[in-house]
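One structure below.
The numbers here are math on the coordinates, done by the rules we state, and not lab data. Every value quoted in this text rests on a predicted model; they were computed, and no experiment measured them. When we count neighbours, we look across all protein chains shown, and the Cβ atoms used for this are built from the backbone with ideal geometry, even at glycine.
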Amino acid sequence: MKELKIQPIRNGTVIDHITAGQAVKVLHILGIPGSTSSSIVSVAMNVRSRIGRKDIVKVENRELDRHEVDKIALIAPKATINIIRNYEVVEKHRVELPDEIVGIVRCSNPTCISNSPQEPVKSKFLVISKDPPRIKCYYCEREPEDIAERII
Amino acid sequence: MDFRNRDVVSIKDFSKSEMDYILRYAKKMIPYARGERHADVMHGKILASLFFEPSTRTRLSFECAMNRLGGRVIGFADPGATSQRKGESLADTIRMADAYSDIIVIRHPQEGSARLAAEFAASPILNAGDGAGRHPTQCLLDMFTIVMEKKRIKGNRIVLLGDLKYGRTVHSLAYALSLFGAELVFVSPESLRMPKEVIEECREFGVDPVSTSNLERAIRDADVLYVTRIQKERFPDAAEYNRVVGTYRIDADLLRHAREDLIIMHPLPRVTEIDPEVDKTPHAVYFKQAFNGVPVRMALLSLIAGGRKI
């Protein structure tokens, strides 16, 4: 009998098809484990699948909102989000970068105006490629090399 | 073609045909820029000239352009005399300038500042340089100078020399010149090479730029030599600056290798890159180039905020 490495969850979110090796960054983006978070989180890395190795994250009792999903798409563009209620998948969709990313990534250019604390603006990036993700600062037009490290 | 109330933050805000139109319109402005004819298309209009960083040519030529068109100028050339010093945000300063004027020219040390200004102003914003970022009116006047001296941009062999890595205005210039079909040669020290994304952009327009460190060879068949200053303030590391400063110097000796009709351009200020003795030669067009800022900026002001056309 095939043994399940991670048990199914009753309620919450399963993030599947995460680029292998990126699960820890996904957790970081989601702020898990946070000081106020009591969700049980399971992580599987380098899981074999039909399309090669992947990571999986299961977060119990938490349904991801669109804002969080967008952030994940920056580092795991092929990830799928499954919302689970009472062991059933009630919603499933692939993450997709919007055309603009607002307030999620900090510009890598220290002298970009969007990094000035006194200015009443959020960081804003234009998506120039969805897969692989490439973004360009709306203000200074610089392209951050390591997006994951720039996530606010 | 409608330029009315448009912001000019990046040269990429214009299509090729729009740039072409501006250049042709700028040519018509020359007698007005020289004061030989009088215009009043900006009569009753106020330009806010907000210079948060030092400038000689850009500020004076914008102000000259507005005055030549019959408009008025308010503003500052030293942010130390403004509420910025008390910690006011750029956004708030822009809101004020917007309330007091019809068009705003801004130079600011931070990249992206002009784009931010455009978000907070209803009046059009003209970017007069945002840090190491963009300087679209410089790009237009550089193109205008080549057109005036060489009839057209297409087919000319243009050498861009100096700091091609940090000097981001040369990135916009390389983009615009390739859009117009120039042949490009990039000459710089090894450590200050043109970034690959700029080269890729040139290739999208069918131009395959040559990168080299050998100026003497590059100058032999060049039509235009565009010299830039290696700007200390743009270097993240003083040691890197000290290694490359003074690598290239344009003097009579070097120009023996050049064609008779080579023109030498420089956005100025120059420090040691061009020997003053070159000024007397027919190659030197950098002072004409500085003058060309006036008709080009007159054309833009007039197209964007003028009451009617000349």
Computed from the beta carbon distance with a Förster radius of 45 Å, FRET efficiency for B:R24 and B:E88 to the nearest 0.05 stands at 0.65
Can you pull the one-decimal nm distance between simple spin-label points at B:T272 and A:I128, each 7 Å off the Cα toward Cβ? 3.6
Here the FRET efficiency for A:N11 versus A:E149, based on Cβ atoms and R0 = 30 Å and rounded to 0.05, is 0.40
Counting only other chains, and only Cβ atoms inside 10 Å, what mean value do you get across the residues of A:137-145? 5
Computed FRET value (nearest 0.05) for A:D99 with B:E260, which takes r as the C-beta separation and R₀ as 51 Å: 0.50
Among the listed pairs A:K92/B:K196; B:K151/B:K309; B:K86/B:K288; A:K124/B:K288; B:K16/B:K151; B:K45/B:K151, those beyond 28 Å (Cα-Cα): A:K92/B:K196; B:K86/B:K288; A:K124/B:K288; B:K45/B:K151
Got a sec? How would B:T56, B:T228 order by Cβ neighbour count within 10 Å, fewest to most? B:T56, B:T228
GNM of chain A, Cα pairs under 10 angstrom: of A:N61, A:N82, A:N109, the biggest fluctuation goes to A:N109
For chain B, what is the calculated [θ] at 222 nm in deg cm²/dmol (nearest 500), taking -39500 (n - 2.57) for each run of four or more DSSP H residues and dividing by its residue count? -12000 deg cm²/dmol
In region B:136-290, taking the dipole from +1 charges on Lys and Arg beta carbons and -1 charges on Asp and Glu beta carbons about the Cα centre, the listed residue (B:H266, B:T145, B:F186) farthest towards the positive end is B:T145
Can you list residues whose amide H is under 5 Å from B:T82's amide H, if they're 5+ apart or on another chain and H is modeled 1.01 Å from N? none
Taking amide hydrogens as modeled 1.01 Å from N in the peptide plane, which residues meet the under 5 Å criterion relative to B:Q231, leaving out close sequence neighbours? none
With the dipole of region A:12-94 worked out from charges on the C-beta (+1 for Lys and Arg, -1 for Asp and Glu) around the Cα centre, which of A:A23, A:S49, A:A73 lies farthest toward the positive end? A:S49
Highest mean packing first, using Cβ neighbours within 10 angstrom, the peptides B:68-77, B:242-251 sort as B:68-77, B:242-251
Expressed as a whole number, the average count of other chain Cβ atoms within 10 Å around the Cβ atoms of A:118-130 is 3
Quick one: putting +1 on the C-beta of Lys and Arg, -1 on the C-beta of Asp and Glu, what dipole do you get for the protein assembly as shown around its Cα centre, in Debye to the nearest 20? 600
For region B:136-290, what's the radius of gyration and Dmax over Cα atoms, in angstrom? 14.3, 42
Listed peptides B:261-270, A:133-142, B:148-157 by packing density, highest first (mean Cβ within 10 Å): A:133-142, B:261-270, B:148-157
Looking at chain B as a GNM with Cα springs under 10 Å, which of B:G162, B:G181, B:G133 has the largest mean-square fluctuation? B:G181
For region A:53-131, listing GluC sites (Glu not before Pro) in a DSSP loop whose Cβ sees at most 16 other Cβ atoms within 10 Å gives A:E63, A:E96
Region A:29-133: which trypsin sites (Lys or Arg not before Pro) are DSSP loop and have at most 11 other beta-carbon atoms within 10 angstrom? A:R50, A:K122
Measuring from centroid to centroid over Cα atoms, what is the spacing of region B:191-236 and region B:257-297 in Å? 18
Relative contact order [Cα under 8 Å, 6+ residues apart], chain B, whole percent: 21
Tell me, A:C112, B:C64 in order of fewest to most beta-carbon neighbours within 10 Å? B:C64, A:C112
Using a 10 Å cut-off on Cβ to Cβ distances, tally the other chain neighbours for every residue of A:105-113 and report the average as a whole number. 5
I'd like the antiparallel share, as a percent to the nearest 5, of DSSP beta bridges with both residues in the protein assembly as shown. 50
Cβ-placed point charges (K, R +1; D, E -1), dipole of region A:12-94 about Cα centre in debye, nearest 20: 400
Mean separation of Cα contacts under 8 Å (at least 6 apart) over the residue count of chain A, i.e. the relative contact order in percent, is 22
